[in-house]
There are 2 protein chains.
Amino acid sequence: MVKPVIIKVDEGLDIELEEDFIKANERIALLNRKIFDKYNLKVFDFMGSIGSGKTSIIERLVEALKGKYKIGVIAGDTSTSIDAERISKYGVPSIQINTGRECHLDALMVRRATKKLLKKGVNIIFIENVGNLICPADFPLGAHKRVVVVSVTEGEYMIRKKQDIFRAADLAIINKKDMAPYMGVNIENLVKDAIEANSKIKVIVTSAKTGEGINELISALEL
Amino acid sequence: MVKPVIIKVDEGLDIELEEDFIKANERIALLNRKIFDKYNLKVFDFMGSIGSGKTSIIERLVEALKGKYKIGVIAGDTSTSIDAERISKYGVPSIQINTGRECHLDALMVRRATKKLLKKGVNIIFIENVGNLICPADFPLGAHKRVVVVSVTEGEYMIRKKQDIFRAADLAIINKKDMAPYMGVNIENLVKDAIEANSKIKVIVTSAKTGEGINELISALEL
């Protein structure tokens, strides 16, 4: 074994500008939370890679909860409206935000979309963030809970590689449980990795396909 | 069905700054290519989500080619050195670049790492970009071929959602073929989606687990 060389990139001059964006976003996120609470809105931010199952889990939640709540959905993607179209089939108002080159939603985008959904009388908003495990971590949106979704088919290292997003989250969903036997993935190890990244995180194992774990998720969201 | 509202984000004032970064990167990428050619180095940039199988495919290529070439590997990740450590077990020099908040490698990072690998006498470099399907698209590194890796376990929409990265690539790998029957995914549709995004792209279906498609990949890389 040849020991690998490890280079840490010096972020240099533009770190200051980036810090400014992050701080400004945090301020708007706090204001968002005040608006949500003023209107008795419960807001949940779902983060995770493309294909991890964020939309499928939101679909399951909408199916289970649409008799009890007025639900709205905000879906972020760089360029398509596939997710909002999937959700809109359930008869709930959905807003697609196309972020272009930005790889995360920010608090201002969510603030604008929330105003539109409030006009529809919603009292719950599920936000589906842009699909990746990196960028959304630094940009809270003001949601009451941040949820990170990973699937057992993403391999055994994804949690250890992206601990930041697990630290930023209140809840971790390990999805596609039904695929674990075929992947040879040990779910217990994934649960341990999540707790090692963030000892306060609550971990729920689901299969959006079979519906397993969805009731437990609803309890964890206090809905 | 309620028609979703679609909002396109106005990128606003900072687009100019971003364009500057992108243009500067492109210039350095062109210079990188000149250096690669001067030293008879063949360089390949592998992009894709975390868990798509980039490292496993590079491991297979290293196994198959290390008798024929002097191989070096550059692995990008925000914070860990898991990938370079996996590769270094094969006895080839590997460099891990930790990008911090940046969700892609850039041409300057690769230029610095290449200098270190040239001192080890390598004549092929496999670059593993930071794991996501968004950010690397805009940042060419000077590689002779850009390869995007997706896996059948990422769901049926990932190519349609991230056409930009398929447009930026010369070669698409659809990996984890062995999982397709369990996922109920139609690989033919994924191949069609890739070609619809980029009519010039070459698509190869692989299973890094079983080794299927690796010889075809080696031919496509002209190695």
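Where a number appears in this text, it was derived from the coordinates with a stated rule and is not lab data. Because the structure is a prediction, the values reported are computed rather than measured. Counting neighbours? That spans all protein chains shown, and the Cβs are built from the backbone with ideal geometry, glycine included.
For the stretch A:108-223, which fully contained strands (runs of 3 or more DSSP E) count at least 2 residues that are farther than 26 Å from B:Lys54 by Cα?
So the answer is A:124-128, A:145-151, A:202-205.
I'm checking my understanding of the structure. Among residues of the stretch B:87-139 that are farther than 19 Å from B:Ser56 by Cα and without any contact (Cβ under 8 Å) to a residue 12 or more places away in the chain, which one is surrounded by the most Cβ atoms within 10 Å (Cβ to Cβ)?
Only one residue fits best here, namely B:Arg112.
In the stretch B:125-150, which residues are small (Gly, Ala, Ser) and more than 19 Å from B:Lys200 (Cβ to Cβ)?
Matches in the stretch B:125-150: B:Gly131, B:Gly142.
Can you tell me which residue among A:Phe126, A:Phe139 is closer than 24 Å to A:Gly67 by Cα and in contact with a helix residue (DSSP H, G or I) (Cβ under 6 Å, 6 or more places away or on another chain)?
From the options A:Phe126, A:Phe139, the qualifying one is A:Phe126.
Here are some residues: B:Asn123, B:Asn129. Which one is under 14 Å from the mean Cα position of the chain (by Cα) and not aliphatic (A, V, I, L, M)?
When all the criteria are applied, what remains is B:Asn129.
Taking the stated definitions as given, is B:Tyr182 surrounded by fewer than 24 Cβ atoms within 10 Å (Cβ to Cβ) and in contact with a Gly (Cβ under 8 Å, 6 or more places away or on another chain)?
For B:Tyr182, the condition - surrounded by fewer than 24 Cβ atoms within 10 Å (Cβ to Cβ) and in contact with a Gly (Cβ under 8 Å, 6 or more places away or on another chain) - is not met.
Would you confirm whether any residue within the stretch A:62-72 is within 30 Å of B:Gly131 (Cβ to Cβ) and of a type in the set (Ser, Thr, Tyr)?
No, that holds for no residue.
Could you tell me which of the residues A:Lys70, A:Lys54 is surrounded by 24 or more Cβ atoms within 10 Å (Cβ to Cβ), within 14 Å of another protein chain (Cβ to nearest Cβ), touching a residue at least 40 places away in the same chain (Cβ under 8 Å) and charged (D, E, K, R)?
When all the criteria are applied, what remains is A:Lys54.
Restricting attention to the stretch B:102-120, and to residues there that are hydrophobic (A, V, I, L, M, F, W, C) and under 24 Å from A:Glu102 (Cβ atoms), which single residue is farthest from the chain's Cα centre (by Cα)?
Checked the stretch B:102-120; the qualifying residue farthest from the chain's Cα centre (by Cα) is B:Leu108.
State yes or no: is A:Val185 among the β-branched types (Val, Ile, Thr) and within 13 Å of another protein chain (Cβ to nearest Cβ)?
Yes; evaluated as a whole, the condition is true for this residue.
For the stretch B:87-101, which residues satisfy the criterion of being facing chain A (nearest Cβ under 7 Å), in a loop (DSSP other than H, G, I, E, B) and hydroxyl-bearing (Ser, Thr, Tyr)?
B:Thr99
Quick one: how many residues across the stretch B:113-129 are at the interface with chain A (Cβ under 7 Å from one of its Cβ atoms) and within 21 Å of B:Arg146 (Cα to Cα)?
1
Can you tell me which residues in the stretch A:18-51 are in contact with a Pro (Cβ under 9 Å, 6 or more places away or on another chain), surrounded by fewer than 24 Cβ atoms within 10 Å (Cβ to Cβ) and within 14 Å of chain B (Cβ to nearest Cβ)?
A:Asn25
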